[in-house]
Amino acid sequence: MDQPGPPCFFDALARYLELGIGQVEGWLSPQSAAMIAHVSLAQIRAGLRGDVCEIGVHHGKLFIVLANAIVGGERAHAVDVFGDQEKNLDRSGAGDRAVFERNVAAYAPGARVEIVQESSLDLEKAGFLRNRFRLMSIDGGHTAAITQNDLRLAEATLVPSGIAILDDILSDQWTGVITGLANYLAQGGRLVPFVLAPNKLFLATDVANAGRYRAILRRDFALALSKCDLEFLGAVVDSYWEHPYYSREDHAGLRRENDDLRRERDELRRRVSELEAHVAAFHASTSWRVTAPLRSLTQIGRQRPG
């Protein structure tokens with residue numbers, strides 16, 4: 001019988017993408033889910049820290065991906081009008097807060113989650129701009145005005161090297177989204193589009209980071225890459241289609257990233273153990289014992305008033 005391997009560094013994320021995501025109501029392509037998880041882990045590997053956020057969480061299908069791809073003291077912020085449907089100006093979704101909270105408890109039980117039941121149009125006056133995010137999903141209202149507002153919120157709160165992910169960018173049902181994006185860019189918006197994934201547009205905080213993230217995704221999702229270097233509203237983007245990158249049968253995409261993180265963690269632990277052994281050996285050495293009286297005198301001298 002095969003022995004079980006070491007636990008996955010982000011085991012809750014792995015379980016959710018393999019088993020749980022299909023149990024949560026919502027609209028999210030498996031390819032886009034894997035890419036979002038992947039860039040979040042790439043940020044963590046690069047040492048980038050900050051909270052994550054989704055505007056418009058519905059029942060949590062995408063939000064749970066974000067909540068399971070955080071570390072340390074990071075928090076996952078969920079923004080939705082939920083039952084306050086009079087604030088849902090375009091009727092683009094009707095999330096149920098109780099269902100959302102049950103899904104988060106079931107599939108992201110260890111995450112630090114903050115829920116903001118509010119329209120994104122009212123977030124600025126509620127002090128939302130004090131937050132700092134490394135990753136934000138925008139999937140709330142789908143009018144041009146709300147899209148433009150949410151992109152400006154992302155621009156104001158993303159840390160350098162952060163990413164915004166805009167939903168329904170090419171939907172023929174929600175043309176306000178691309179109109180709002182075009183207006184945002186035409187009026188000096190600084191976020192830079194760099195990847196079109198199924199139903200999603202990825203934007204970086206600057207051109208250099210846009211190129212860096214494009215290179216990461218080209219390398220790690222090569223089989224899903226459809227077209228490179230497409231013109232898109234003054235930017236250059238790559239386009240991806242569906243491919244089963246996250247499965248139990250392979251180690252591509254996210255699973256490989258998880259394995260890399262685990263190996264890095266194990267290597268750091270090994271190096272720490274080696275350093276501790278060197279320190280212990282030095283303390284036990286003859287030279288350390290012989291010079292002990294001298295060190296004591298030096299310490300006493302330092303403690304005397306000048």
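All of the numbers you see were taken from the coordinates with simple rules; none came from a lab. Predicted model, so just to flag it, every value in this text is computed and none were measured. All Cβ positions, glycine included, derive from the backbone under ideal geometry; neighbour counts span all protein chains shown.
The modelled label-to-label distance between residue 208 and residue 105, using points 7 Å beyond Cα along the C-beta direction, is 4.6 nm. A Förster radius of 25 Å combined with the Cβ-Cβ distance from residue 71 to residue 145 puts the calculated FRET efficiency at roughly 0.10. Extension gain for residue 27 to residue 182 (0.36 nm times residue separation, less C-alpha to C-alpha distance): 53.4 nm. Taking other C-beta atoms within 10 Å as the exposure proxy, 61, 125 rank 125, 61 from fewest upward. Shown here: the stretch 11-253, whose C-alpha atoms stretch 44, 42, 34 Å along the first, second and third principal axes, sorted largest to smallest. Between residue 130 and residue 96, the FRET efficiency estimated from the beta carbon spacing at R0 = 25 angstrom works out to 0.35.
Summarising the label geometry, the points placed 7 Å from Cα in the beta-carbon direction at residue 275 and residue 227 lie 5.0 nm from one another.
Using 1/(1 + (r/R0)^6) with R0 = 51 angstrom and r between the beta carbons of residue 239 and residue 268, what's the FRET efficiency to the nearest 0.05?
Efficiency, rounded to the nearest 0.05: 0.85.
When the P(r) is computed for the stretch 134-226, the part past 22 Å accounts for 23% of the Cα-Cα pairs.
Peptide packing: for 29-37, 272-280, the average count of neighbouring Cβ atoms within 10 Å per residue gives the ranking 29-37, 272-280, highest mean first.
Tell me, how many Å apart are the Cα centres for the stretch 35-76 and for the stretch 128-156? Going from one Cα centre to the other spans 15 Å.
If the chain linking residue 159 and residue 283 were pulled fully straight, counting 0.36 nm for each residue of separation and taking away their Cα-Cα distance, it would gain 40.3 nm.
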